[in-house]
Each structure stands twice: as structure tokens, then as C-alpha cells.
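Participant: Quick one: structure below, then a few questions.
Here, each number is a calculation from the coordinates, and none is a lab measurement. Here the structure is a predicted model, which is why all the values come from computation and not from measurement. Backbone-built Cβ (ideal geometry, glycine too); neighbour counts: all protein chains shown.
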């Protein structure tokens, strides 16, 4: 294990976090907010730890799989730990456990919160709270790779460990260029949404905050009632479309830029993603029409928004969806376990895994009829390696085990019903941030005990880092030469 390069890169990540804090610091300074001191103290602490670590000398800059996994896991843990300091030092969240939950939830794009009244927060803290999911949506290390090519030395192992989905492809032979392309796409979509929201009637600050929440899929708002607080039909429509855009594999946008339209639109995962959205929207629309809304257009509008919100794991809301019929709620719960595309900002299991699993089931049924037949699993005309098949089956099983055991643990520590406990776990593991019951629309996670909050925060990190990344570090074999 090359500990020198691990320490050096972790130090660079802490210095990158200082840069990430500067916009919030600037807002607090400009508006004369008391939280300015909390940001200054946090930056001072980061300098104290980050500078010595980044100056660590190393004989080799070579990064193998072990170093990549260690850097990604420790990097996320460290950044989340220090990201809690502005909340805690400002006194807005007096408990460090709660502050850590808030920062982990933000950075992992989960969006679950312990803050009951977000409208009482200062603009500096509101910006930091909303900026965290945007940083985490693309991946803090991919963003750093885009900015700092020195971090990209042997960094494909880091990129592969952090990129959402069962595989990680490069858009350019040079990793630094790949990271820059992804970052540029991410930035341009964010800026585009900001402009739309601004001309739709929101202030520049609100436009930027909701662009962060939409494209990063964190779903954090400046309003307690989320998007439902805006008495404007244009805003939900625009956010719905951009939520869906955020759930698309960002590499497809690069293919579109290169005018490879056929390659982009023939992508199997992309097409299944759109089909699931269409089916979910139609079913909920028909269920709402006549039962909740007397207008077909209003039923469609509300259904389309919540389907887009749940499948992309953004969890914005325009209405109290728990007042909907059970059938509609069931579809939203189903979407919570699907998620967006691989290589997107969305969380949960991902569409590509569901697609491969369906093909695996189909193959096993065929082999019952034709036991000697060799039937390869193909996606977009390319055979899936057996190692990826095994990885996907293992992922589904581990996801189910974590969901079941997490739900039991939460019910052990909390005197709450099964729906509230299980959807809190599903919302954390899938980086959704909203569920049903006590964690439904309009509810915060503040009532959970400290033990439950740490369990949920751990599940958020597991979900964001695709489960295996963290579990590999917990095996004795990993630390043996």
C-alpha cells in the first residue's frame, strides 16, 4: 500500500474543500451574517490539517486498486466530517452528530435533513447546505480530478471506485480530460437551469440553490414546502425536465455534442429509463384523475413531477403525495428502488442493473428449455463479462440484506412503525432523502436517536459509493500485502 500518495491526495482534497467554502464565506461576509465566523474557523481547521498532509513526500505516485478504494472512501468520510463544521460552529445545529448527519446527507445527495425550518437559515449556510449535494452529485474526487491534473496520476483506479454504476468508462484516453468533460457537462446543465428558473420568476439566489438541488439530485430547497411553495406552474415543469436530465448518464451528452445522435438515443439504459418514467406517470395520472384531481392535466402535471423526482432520487415535492391513493404511493415506492442511470448524479440501484438482471432472468428461463445453449448477456450489442454479471447479482443481494438489516436496526432503536423505518432506510441507502410515514413529505429526520442517525448516515455513504467500495476496506485481505 502506497500510504504516502494516499495521505498527499487526502490533503489535496481538504484544500479543495477550502475552495468550495469560499462562495459561502463570501455571501456571509457580504451580508454581514454571524455565521461568517463559523466559515472562517472551518477554513482555519482545514488549513491546519490539509497543508501538512498535502506536503507529504512520496517515493512513488503509482496508484493501484487498493490505493484508489482507500482514497475514495477516506476522502468522502473526511470531506463529510469537515463539512459539518459550519453547521455545528454556527450553533444552527448544536449537536455534532446532527451536523454530521446533515453534511453526510448533503454530500451523498440524499437530502434528508434534521433542520425543521430551513427558511430561518442564513443565506451563507443555505448556500453551503445546497452546494454540498452539487459537489457530491458528480463526485468530489471526479471534480477535483477535473481541476487538478496532479491528482490524476494513476487516478483511473480512483475514478473507477467513485463513478456510479457497475462500470466506469472513459470519454478520453486521458483521465484528466474525461473528468473535465464530465465537469463541463455538469456545469453547463446547472447554469442552463439557473437561467430558466431566474426568468421563471425566482431570484438569482433561489434559482442557483434549486439548480444545485436538481442537477445534484439532492432536492434541497430554500422553502419548507419545497417546490410546492412556488405558486407558478412553469417552475415545476422546468425542474421536472431537468431532474430527468440529471438522471441521464452524462457521457450521453458528450455523444450528443459530438453529434453521435444514434449512439446516444439507442442506448438501452436510456431508453428503459424513459419507458419507466412514461409508464409510472401514466399509471399515477390515471389513478389520480377523478380520485384526487378533477382535471386530467393537473393529474398528469403532479404525477410527472413526483415520478421524475423519485426515479432520479431528488425527492423534491409539489404536494403531499401521502394523500394520494395507495396505488400511486406504491409506484413511487417502487421507483425509489430503481434510480437513475449509471454515470449520472442519481442514486439507488440504477436502471442498468435492473436491465441486466431482467436479461439474466430471461436467460435462466431459456436455459431450462435449452440446458446446453450458450446465451450471452448483451447490452447495446456488446456482451457483458461474467464478472460484471456476478457483480450485479451480488449488488442486488447485498442491497437487499442492507435494506432488511437496516430496517430491523432502526426499529430496534426507535419505537416507530415498519413503513417509516423501512422507507427511512430505503431513502438513505438509495440516496433519496424522502420516504413515507414519519419520513414522508414535510417531515425531518431530527426525531431519530443519535444511533439511528449514524446508521442512516453510514447507509448513505454505502449507497453513494456503490456498496462494495466501503465493504472491501473492511475485509482483512485488503490490508495484507
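Participant: Expressed in nm to one decimal, what extension gain is obtained for the pair residue 205 and residue 57 from 0.36 nm per residue of sequence separation less their Cα-Cα distance? Kindly include the intermediate steps, with their values, before the conclusion.
Facilitator: On the way: separation 148, 0.36 × 148 = 53.28 nm, distance 4.19 nm.
Between residue 205 and residue 57, full extension yields an extra 49.1 nm.
Participant: So between residue 232 and residue 474, what do we pick up on full extension, going 0.36 nm a residue minus the alpha carbon distance?
Facilitator: 82.2 nm
Participant: While we're on this one: Could you give the length gained by full extension between residue 364 and residue 3, i.e. 0.36 nm per residue of separation minus their alpha carbon distance, to one decimal place?
Facilitator: Contour length minus the Cα-Cα distance gives 125.5 nm.
Participant: Most exposed first by the Cβ proxy, i.e. fewest other Cβ within 10 Å, how do 351, 472, 401 rank?
Facilitator: 401, 472, 351
Participant: Separate question: Any chance you could tell me what percent of the C-alpha pair distances in region 271-316 go past 17 Å?
Facilitator: Percentage above 17 Å: 29.
Participant: May I ask you to sort 233, 443 by Cβ crowding, counting other Cβ atoms within 10 Å and putting the fewest first? Please report the intermediate quantities before stating the final value.
Facilitator: Values: 233 13, 443 19.
Taking fewest neighbouring Cβ atoms as first place, the list is 233, 443.
Participant: Continuing with this model, one more query. Debye calculation, C-alpha points only, no solvent: report log10 I(q)/I(0) for region 328-402 at q = 0.22, 0.26 Å⁻¹, in the same order as the q values.
Facilitator: -1.09, -1.28
Participant: For the residues 271, 262, what sequence is obtained by ranking on other C-beta atoms within 10 Å, fewest first?
Facilitator: So the residues, fewest neighbours to most, are 262, 271.
Participant: Return the Cα extents of the chain along principal axes one, two and three, sorted largest first, each rounded to a whole Å.
Facilitator: Over the chain, Cα extents along the principal axes are 61, 57, 52 Å.
Participant: Starting from a Cα-only point model with no solvent, please compute log10 I(q)/I(0) by Debye for region 345-481 at q = 0.11, 0.20, 0.22 1/Å.
Facilitator: So the normalised log intensities work out to -0.53, -1.12, -1.25.
Participant: Do me a favour and compute the ellipsoid semi-axes for region 358-398 from its Cα gyration tensor, root of five times each eigenvalue, largest one first, whole Å.
Facilitator: Sorted largest first and rounded, they come to 18, 14, 8 Å.
Participant: Evaluate the Kirkwood expression for the hydrodynamic radius of region 190-325, namely the inverse of the mean inverse distance over all pairs of different C-alpha atoms, and round to one decimal in Å.
Facilitator: 15.6
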